[in-house]
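One structure is given here, and the rest of the page talks about it.
The values are calculated or read from the model by the stated rules, or taken from the named source; none is laboratory data. The shown structure was predicted, so the numbers you read here are calculated from the model rather than taken from an experiment. Cβ coordinates were reconstructed from backbone atoms using ideal geometry, including for glycine residues, and neighbour counts include every protein chain displayed. These accessible areas exclude ligands, DNA and RNA; they are computed on the full protein's heavy atoms, side chains included. Shrake-Rupley method; radii C 1.70, N 1.55, O 1.52, S 1.80 Å.
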Amino acid sequence: ELVAAQLRRQIVLGARAEGELFPPELELMTELGVSRPTLRQALRILSNEHLVEVRRGRSGGTRVSRPSSDAAGRYLNHLLLFQDANLEDVHTAQLLIEPAAIAEVAGSIDDEAVSNLRELVAAHADASELVESLRVCAEFHRRLVELTGNRSLTLFITLINGQIDGQTGKASSRADRDDPVRHHVSDDHTRVID
């Protein structure tokens, strides 16, 4: 765990760049002052966290991977399931974040940003497939929070949208353009923009 934490810190702080090949095992063992089993276990931990990719064989080695929101989303999904969180909990989290984001950007965003948000509302209304409708809706929420300039909030809303998408994606694949809920969502989004 200590060796994994040391290597993780190097990756996160940029001392080891994405795609960079780690030194050969023997050299890395010497650099870190650890045994082969300890190093391999540390790399296994980092591989499970998707921070490194280990390839065996002649052209193999250990390369630094960039942390992704997809990997974090999968982990968050497992954690939420383990803690018996439901879709309502996730929606509530979204509702707690977005009003603060709206208050932060109100009156300070440019016409292009407003236009982009309006285009997403129109795309949501025009979507014929439920998957596309949900994707556009999630993109609206992400862009709205992204306008705050706060990367942490943007990542949080991206993860939350992933959880909502994972739960609602199990529904029917066709989007009903006359669905009152869908019109309500579009109306709400328009009011937020206004």
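Any idea which residue in region 48-68 is modelled with the lowest pLDDT, counting only those that are polar (S, T, N, Q) and surrounded by 15 or more Cβ atoms within 10 Å (Cβ to Cβ)?
Going residue by residue through region 48-68, those that are polar (S, T, N, Q) are 48, 59, 62, 65, 68.
Adding the requirement that they be surrounded by 15 or more Cβ atoms within 10 Å (Cβ to Cβ) leaves 62, 65.
Numbers: T62: 91, S65: 88.
Out of the qualifying residues, it is S65.
Candidates in region 31-47 are the residues that are at pLDDT 95 or above and hydroxyl-bearing (S, T, Y); of these, the one that is farthest from the chain's Cα centre (by Cα) is S35. Any residue in region 90-106 that is more than 24 Å from Q163 (Cα to Cα) and among the charged types (D, E, K, R)? Yes, the conditions are met somewhere in region 90-106.
Does T158 qualify as being at pLDDT 85 or above, under 11 Å from the mean Cα position of the chain (by Cα) and surrounded by 16 or more Cβ atoms within 10 Å (Cβ to Cβ)?
Numbers: at pLDDT 85 or above: no; under 11 Å from the mean Cα position of the chain (by Cα): yes; surrounded by 16 or more Cβ atoms within 10 Å (Cβ to Cβ): yes.
In short, no.
Kindly establish whether G149 is at positive phi, of a type outside the set (K, R) and open to solvent by 40 Å² or more (accessible area, probe 1.4 Å). Judged against the criteria, G149 is a match. Tell me, yes or no, whether region 161-175 has at least one residue that is out of contact with any Leu (no Cβ under 8 Å at 6 or more places or on another chain), at pLDDT below 90 and surrounded by 15 or more Cβ atoms within 10 Å (Cβ to Cβ). So far as region 161-175 goes, yes, one or more of its residues are out of contact with any Leu (no Cβ under 8 Å at 6 or more places or on another chain), at pLDDT below 90 and surrounded by 15 or more Cβ atoms within 10 Å (Cβ to Cβ). If the condition is being of a type in the set (G, A, S) and crowded, with 16+ Cβ neighbours inside 10 Å, then region 71-84 contributes A72, G73. Residues in region 86-123 that are open to solvent by less than 40 Å² (accessible area, probe 1.4 Å), over 15 Å from V192 (Cα atoms) and in contact with a Leu (Cβ under 9 Å, 6 or more places away or on another chain): 1 in all.
Within region 9-47, how many residues turn out to be within 12 Å of S65 (Cα to Cα), assigned to a helix (DSSP H, G or I) and open to solvent by 90 Å² or more (accessible area, probe 1.4 Å)? Of the residues in region 9-47, 1 are within 12 Å of S65 (Cα to Cα), assigned to a helix (DSSP H, G or I) and open to solvent by 90 Å² or more (accessible area, probe 1.4 Å).
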